[in-house]
Amino acid sequence: MSAPFRTEEFLVNMGPHHPSTHGVCRFLLTMDGEVVVKAVPYIGYLHRALERICENRTYHQCLPVLDRFEYCTSMSCEYAFCLATEKLAGIQAPERAEYLRVIMLELNRIASHLIWYGTTSLDLGAVTPFLYGFREREDILDLFEMTCGQRLTYNYIRIGGVSRDIPPEFIPKLKEFIEKFPRKVDDYEKLLTENPIWIVRNKNVGILSKELALGYGVSGPALRASGVKFDLRRDDPYSLYDRFEFDIPTGTVGDCYDRYLVRMEEMRQSLRIVKQALEQLPAGDIKTKLPPNFKPPKGEVYSRIENSRGEMGIYIQSAGDSKKPLRVKMRGGSYNQLQVMPEIVKGGKIADLVAVMASMDIIMPEVDR
Amino acid sequence: MDKAALTKYILDKFAGKVDLLDTGKVEPVFRLESDFLLEFCRAINSDETLHIDFLCNIAGVDTGERFEVVYSVASVKNRIRFDFKIAMAYENAEVESVQSVWPGANWHEREVWELYGINILNHGNLTRFLLPDNWDQGYPMRKNWDAPDFVRMPES
Amino acid sequence: MEIAGIFKYLYEKLASTGLSQAWVDIISYSVAALIVFGFLAVVALFLVWWERKISAHIQQRFGPMRTGWHGWLQTIVDMLKLIQKEDITPATADRPVFYWAPIVAFVAAFMAYVTIPFGAGLIVSDLNIGILYIIAITTFTIISLLMAGWGSNNKYALLGGMRSAAQVVSYEVPMVLAILSVVLFAGSLSMVQIVESQAKIYQWYIFRLPFGPIAFIIYLIAGTAESNRTPFDLPEAEQELVAGFNVEYSGMKFAMFFFAEFVNMFTIAAIGTTLFLGGWQGPWLPSWVWFMLKTLALVFVLMWFRWTFPRLRVDQLMEFSWKFLLPVSFANLIIAGWMKYSKWFNW
């Protein structure tokens, strides 16, 4: 038995139609049995040329396009664009509008993390948490629907304010949600955090070191799980985030389990922010009046906010003499997270690839734009 | 480090090679020549005061007169953020890859190459990824690309 | 004791008509097979519906509600739909293997019921090697999964087939060892005698401390793995292998795999009931009612697992079997042997 057992590597096309690629991403996997030797991501199946579309629209008309940039956190996308435009034109939104924005952004972050919670557990074979996550997300979507009539693409945050004030029944409903949600997060954790199967599937799987994460521009919860305490809400505060008190959870190892714990804790912290914002919510105006022929002065700005998937940046260049932006570039967290994946799934099992992809919370429209 | 101090520091450190542009509305925007790019990136990455360890974004821009490549960088450690750009003419537009400093530049640069046709030197993996593999209809983000209502995909 | 009352009556009637013994046997066993087949078809249909309802209620949904009372017609309608669907064979498939795989799975799943006692006297054939026969027959399922994986000529299917072969073989060993400890006590391989040896509730093997509960838990874990259900559903892990070995199957062939899976789950529960929970034994109610109650309770536990746990990874699955379950079941077998030998708790 001196001759080694002859094995052969083979190629597997994981995607674009595959249940756990979260949309249409394709991985060309070189497999040695169950072990991934090499993974090459292929993207572009969802490319809708959003940046080009934005160049052909006025600033206001861009907002619905931004909604479709990343549909799990449409509010953040709108807000990122509005913030960039406001910086460009030097507009300040009224205080009440800023508070409403913070409430909506944080609720949207919770909703997005709930989708992540559901899909991650689904990817690792547990079906039930998926529906638990969607149950609470439903409450948040009800709140959004109550406010702006939409459940997914809100078009709520506008340049210089928000589109409309919250209805009177919003606040009691939100208070009810704040009341019950911490218990629900405990329930979610009870189902998975201590579960031995969950732990062996996630611990020490897909370790992303601090250096690799920074070098590849990984941001958000994935970066924090690698032990970098960096949150744009605290370190580059925008809107009113410097007025609220919240903790920034970090991990130590940077494996899938850390990313899981960080996101679970972030939901609680987001709720804390919502609670404080609701207490401080002032009365007043919700919109700054803009001229009908809104033309920001010549200039350029790259503004970034902390999305639920990391740094969401919008680069706008304005020619100064046009109602339309010269260039809009959208930068989503998933783009860099997907880029780093081949580095960290190498040598793992095909099941680890699924776990890593799920824990990175990659969403394809954000990658392809 | 606030905006004024940062601007002064960079202008002093790279005197004569970096200009400050007045277009930056919040963070400073610098302009440098294409042959100084890689040296500049290495310098700001290794400089202790700046310690730019995070590449946020690379955006290609077609202003209608020229190409620009805008790099948005940040320091996670020192909480610094600024942009710098390289402007170039349409003909033979090319720029050095910065992957050796920030490996995450890979896809951003590929995108600039694919959508604008700005050649990236020493990139190593310039293949199509947002457009179809056999795309043959020019560079769709250029201003002179007339955007038809329907694009006929090349037959594969 | 081999054939139930009505069946015995039929058997005698046939015998009295003067047919030769061979014909009497053939006719009577065909009838028995048809009865078992019909019963299992109904059970499988019921289990599909039941699983959907249980999963729905675990997940705070309703599940099927529209077709019939609480959707009880749903699986029947689904079945009709699947029968009418186009039967697609991939162009590159290995046709005979692809064709026979679901049939092997189906037959292997149903054959086990020859020696399962549904009640006092309700057994098709009380073989004196009953449990050995069942273990041998249920292992045929692997062959069908391998055939499906190979025959589909699809990489996902092949990976799924290979995984399932490795998995079922690995878990067969602790399962057999757990069963063996019961056989050791009962002193027989016959299913009927095993049931009869646990007439009183304290005689149920699950209550014979210390080996009983351990053997039962090992059996349940291995049984879950054998029937390819979460947390051991790797052969059909949707998120990794799309659907695993049955990815290329459609229509009726898919339905046969689906049915075989549910019948296998029922088999696991039925054997568990027979070996550990006293089989049909129980006061007041008819014996077959007790059998069904206990079996369905075990099925419920299996479903409960499925809708609560995440899935293991393939190497962890193997590790769990070979490094943990196997030593424990060996130690358990030794304890059982010592208990038997020293007549400890030997009621």
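So for the range A:217-232 (the condition being at pLDDT below 85, under 30 Å from residue C:317 (Cβ atoms) and surrounded by 18 or more Cβ atoms within 10 Å (Cβ to Cβ)), does at least one residue qualify?
There is no residue in the range A:217-232 that is at pLDDT below 85, under 30 Å from residue C:317 (Cβ atoms) and surrounded by 18 or more Cβ atoms within 10 Å (Cβ to Cβ).
Output the residues belonging to the range A:56-85 that are open to solvent by 10 Å² or more (accessible area, probe 1.4 Å) and within 14 Å of chain B (Cβ to nearest Cβ).
Within the range A:56-85, A:56, A:57, A:83 qualify.
Using the structure shown, decide if residue A:43 is open to solvent by 30 Å² or more (accessible area, probe 1.4 Å) and within 14 Å of another protein chain (Cβ to nearest Cβ). Steps first, answer last, please.
Values: open to solvent by 30 Å² or more (accessible area, probe 1.4 Å): no; within 14 Å of another protein chain (Cβ to nearest Cβ): yes.
In short, no.
Test residue C:30 against the stated conditions and say whether it is of a type outside the set (A, V, I, L, M) and over 30 Å from residue C:193 (Cβ atoms).
Criteria not met by residue C:30.
Which number in (1) away from chain A (no Cβ under 14 Å); (2) under 30 Å from residue A:34 (Cβ atoms); (3) touching a residue at least 24 places away in the same chain (Cβ under 8 Å) marks the one condition that residue C:327 misses?
(3)
Can you name the residue in the range B:46-59 that is touching a residue at least 12 places away in the same chain (Cβ under 8 Å) and away from chain A (no Cβ under 13 Å) and, of all such residues, is most open to solvent (accessible area, probe 1.4 Å)?
Selected residue: B:49.
Does residue C:86 count as modelled with pLDDT under 85 and either open to solvent by less than 30 Å² (accessible area, probe 1.4 Å) or of a type in the set (Asp, Glu) (or both)? Before the answer, list the steps.
Values: modelled with pLDDT under 85: yes; either open to solvent by less than 30 Å² (accessible area, probe 1.4 Å) or of a type in the set (Asp, Glu) (or both): yes.
Yes, satisfied.
For the range B:78-135, list the strands (runs of 3 or more DSSP E) that sit wholly inside it and hold at least 1 residues that are within 11 Å of chain A (Cβ to nearest Cβ) and buried (at least 21 other Cβ atoms within 10 Å of the Cβ); which are they?
Working: elements: B:80-88, B:94-96, B:119-121.
By residue number, B:80-88.
Quickly run through the range A:56-105 and pick out the residues that are farther than 21 Å from residue A:177 by Cα, among the small types (Gly, Ala, Ser) and either assigned to a loop (DSSP other than H, G, I, E, B) or out of contact with any strand residue (DSSP E or B) (no Cβ under 6 Å at 6 or more places or on another chain) (or both).
Those that are farther than 21 Å from residue A:177 by Cα, among the small types (Gly, Ala, Ser) and either assigned to a loop (DSSP other than H, G, I, E, B) or out of contact with any strand residue (DSSP E or B) (no Cβ under 6 Å at 6 or more places or on another chain) (or both): A:89, A:90, A:93.
Within the group B:43, B:5, which residue is without any contact (Cβ under 8 Å) to a residue 24 or more places away in the chain and surrounded by fewer than 20 Cβ atoms within 10 Å (Cβ to Cβ)? Before the answer, list the steps.
Numbers: B:43 fails: without any contact (Cβ under 8 Å) to a residue 24 or more places away in the chain.
The conditions single out B:5.
Can you pull out the residues in the range B:24-40 that are open to solvent by less than 20 Å² (accessible area, probe 1.4 Å) and either within 13 Å of chain A (Cβ to nearest Cβ) or of a type outside the set (A, V, I, L, M, F, W, C) (or both)?
B:24, B:28, B:29, B:30
Looking only at the range A:265-289, how many residues end up being within 23 Å of residue A:249 (Cβ to Cβ) and touching a residue at least 12 places away in the same chain (Cβ under 8 Å)?
14
Quick check on residue C:95: is it closer than 30 Å to residue A:136 by Cα and either open to solvent by 60 Å² or more (accessible area, probe 1.4 Å) or of a type outside the set (Phe, Trp, Tyr) (or both)?
Values: closer than 30 Å to residue A:136 by Cα: no; either open to solvent by 60 Å² or more (accessible area, probe 1.4 Å) or of a type outside the set (Phe, Trp, Tyr) (or both): yes.
Spelling it out, it is not the case that residue C:95 is closer than 30 Å to residue A:136 by Cα and either open to solvent by 60 Å² or more (accessible area, probe 1.4 Å) or of a type outside the set (Phe, Trp, Tyr) (or both).
Determine, yes or no, whether residue A:252 is over 26 Å from residue A:93 (Cα atoms), more than 9 Å from every other protein chain (Cβ to nearest Cβ), hydroxyl-bearing (Ser, Thr, Tyr) and open to solvent by 40 Å² or more (accessible area, probe 1.4 Å).
The answer is yes for residue A:252.
Taking the conditions exactly as written (under 14 Å from the mean Cα position of the chain (by Cα), of a type in the set (Val, Ile, Thr), surrounded by 22 or more Cβ atoms within 10 Å (Cβ to Cβ) and away from chain C (no Cβ under 13 Å)), does residue A:110 satisfy them or not?
Against the criterion (under 14 Å from the mean Cα position of the chain (by Cα), of a type in the set (Val, Ile, Thr), surrounded by 22 or more Cβ atoms within 10 Å (Cβ to Cβ) and away from chain C (no Cβ under 13 Å)), residue A:110 qualifies.
Among the residues in the range C:308-326, are any modelled with pLDDT of 85 or more, open to solvent by 60 Å² or more (accessible area, probe 1.4 Å) and touching a helix residue (DSSP H, G or I) at 6+ places or on another chain (Cβ under 8 Å)?
yes
The values are calculated or read from the model by the stated rules, or taken from the named source; none is laboratory data. None of these values were measured; they are calculated from a predicted model. So basically every Cβ, Gly included, is an ideal-geometry build from the backbone, and we count neighbours across all protein chains shown. The accessibility values were calculated without ligands, DNA or RNA, using every heavy atom of the protein model including side chains. Shrake-Rupley method; radii C 1.70, N 1.55, O 1.52, S 1.80 Å.
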